[in-house]
Amino acid sequence: MNEDQLAQIHALPKVELHLHLEGGAPPDFIRRLAKEKSVDVSRVFNRDGGYAYKDFWHFLSVYEAATQVLTSPDDFARLVLAVLEQSAANGVIYTETFVSPDFCGGRDLGAWREYLAAMQEASEQAERDFGVTLRGIATCIRHFGPDKARETARCAAETCGDWLVGFGMAGDEKMGHAKDFDYAFDMAREAGLRLTSHAGEWGGAASVAETLRDLRPERIGHGVMAIDDLALVDKMAEEGTVLEVCPGSNVWLGVVPSWDTHPIQKLRDRGVKVTVSTDDPPFFHTTMNREYEMLARTFGWDISTLRDVTMTAAKSAFCSQNDREKLLKRLETK
Ligand code: ADE
Ligand code: ZN
């Protein structure tokens, strides 16, 4: 790839649908906050100053340890600005982020409202300063169990609106079954929130099938293991299920052995709506520019293919129709 092609890829306007807010925290941001609060986070970092973990399950624990330093609405407001500055530097003009009442006030509705107001205000400032629009997806954490997921869903349902547009589930996919979380998802759906859930990152194709059947989300986070069941892939293509694919995350965590064996191309070829995201960019040493660049290098995706995937993401965003029209206009003119 020559410099010109690379510059063109970097200049593309991008839309990201799968980004964990705490997972987007630059290591320096967490270190600085820990120092201000005299919290020991030495186990979170390696000698090079990056996040240190040995596998996905250890990653979840390190992620939660890093999150311990975020203790106030103002911390989350600062985090929103730090994360969106990075997004904007990668050409992202619209992003949705997973935010969790579990980490924002321990699922207390009154506290959650304060955290939410602070994040929303910061996102308005980022829109003015960096030109990137943010919307939130309240997310329950699967390994915290179904009871906590219900409390999370209640916080989400009570605060559904223009900014908080979705409900989702992250965490350890191997814990329990999708069905255990149907009450939480039903509550969120009834409140008008749009739904997504992590599945098919670690739990195989069966976990994707279960999730689609029992939780009925419009989008699936990852979903890449569905490739082992082509009947399921065809069903997803037919029903228009959107996959939030995070190839760099999958390669880094060992979900797939390498970029060239990643199933994103096969899923797309078979008619599934695929979108591209970073998941937890500093944890997986990636950015949206890098994801797009690697897709071009690995699968020969040209500018028009990359634009097409971005358009799929814009059309699958959970924002209001009004916000979507503004976004589509911005994409058309860039
Ligand atoms: N939380 C943060 N990143 C995650 C991932 N990739 N899978 C599940 N839960 C997560
Ligand atoms: Zn994720």
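The values are calculated or read from the model by the stated rules, or taken from the named source; none is laboratory data. Because the structure is a prediction, the values reported are computed rather than measured. Methodologically, a virtual Cβ is constructed for each residue, glycine included, from the backbone with ideal geometry; neighbour enumeration extends over all protein chains shown. The accessibility values were calculated without ligands, DNA or RNA, using every heavy atom of the protein model including side chains. Shrake-Rupley method; radii C 1.70, N 1.55, O 1.52, S 1.80 Å.
Bin width 5 Å, alpha-carbon pairs only: give the P(r) of the stretch 78-213 as whole percents, running from 0 to the bin holding the largest distance.
In whole percents, the pair-distance histogram is 2, 11, 20, 20, 18, 14, 10, 4, 0.
Stick to the Cα atoms of the stretch 149-270, pair each with every other, and give me the Kirkwood hydrodynamic radius in Å at one decimal.
Numbers: mean 1/r = 0.0676 Å⁻¹.
Averaging 1/r across every pair of different Cα atoms and inverting gives 14.8 Å.
Set Lys and Arg Cβ to +1 and Asp and Glu Cβ to -1, take the dipole of the stretch 266-334 about its Cα centre, and tell me which of T278, C319, N289 lies farthest positive.
Farthest towards the positive end: C319.
Treating only the Cβ atoms of Lys and Arg (+1) and Asp and Glu (-1) as charged, compute the dipole magnitude of the stretch 171-243 about its Cα centre; round to the nearest 20 debye.
Working: 8 positive and 15 negative charges, 34 e Å.
It works out to roughly 160 debye.
Bin width 5 Å, alpha-carbon pairs only: give the P(r) of the stretch 1-113 as whole percents, running from 0 to the bin holding the largest distance.
2, 10, 18, 19, 19, 15, 9, 5, 2, 1, 0
Given the protein chains as shown and a 1.4 Å probe, how many square angstrom of L230 are accessible, to the nearest 10?
Approximately 80 Å² of L230 is accessible to the 1.4 Å probe.
Report for the stretch 70-173 the percent antiparallel among DSSP-assigned beta bridges with both residues inside it, nearest 5.
Values: 0 of 12 bridges.
Antiparallel bridges: around 0 percent, rounded to the nearest 5.
Given the -39500 (n - 2.57) contribution per DSSP H run of 4+ residues, what per-residue ellipticity at 222 nm results for the chain, rounded to the nearest 500 deg cm²/dmol?
Numbers: 14 runs with 167 residues, N = 334.
Using -39500 (n - 2.57) per qualifying helix, the result is -15500 deg cm²/dmol.
Quick one: compute a quarter of the convex hull surface over the Cα atoms of the stretch 229-334 and quote it in nm². Before the final figure, lay out the partial values.
Details: hull surface 29.2 nm².
Mean orientational projected area (the stretch 229-334, Cα hull): 7.3 nm².
Provide, in order from the shortest bin, the percent of all Cα-Cα pairs of the chain in each 20 Å bin, continuing until the bin that contains the maximum pair distance.
33, 62, 5
Take the alpha-carbon centre of the stretch 214-239, take the same for the stretch 282-301, and report the distance between them in whole Å.
Here the answer is 23 Å between Cα centres.
Please check: in the Gaussian network model of the chain (C-alpha springs, under 10 Å), which one of V80, V44, V245 has the largest mean-square fluctuation.
V44
So if R0 is 41 Å, what FRET efficiency would N46 and L230 give, r being the distance between their Cβ atoms, rounded to the nearest 0.05? Could you put the intermediate results ahead of the total?
Values: r = 40 Å, r/R0 = 0.98.
The computed FRET efficiency comes out at 0.55.
Quick check: residue separation of Q68 and S320 times 0.36 nm, minus the Cα distance between them. What number comes out in nm? Provide the component values of the computation, followed by the final result.
Numbers: separation 252, 0.36 × 252 = 90.72 nm, distance 3.25 nm.
Extra length from Q68 to S320 when fully extended: 87.5 nm.
Need the C-alpha centroid separation for the stretch 54-80 versus the stretch 128-159, integer Å.
Computed from Cα coordinates, the inter-centre distance equals 15 Å.
Under a GNM of the chain (C-alpha, springs under 10 Å), which listed residue has the highest mean-square fluctuation: I227, I303, I30?
The residue that fluctuates most here is I303.
Once every Cα of the stretch 274-334 carries one equal point scatterer and solvent is ignored, give the base-10 log of I(q)/I(0) from the Debye formula at q = 0.13, 0.15, 0.25 Å⁻¹, two decimals.
Normalising to I(0) and taking log10 leaves -0.40, -0.53, -1.08.
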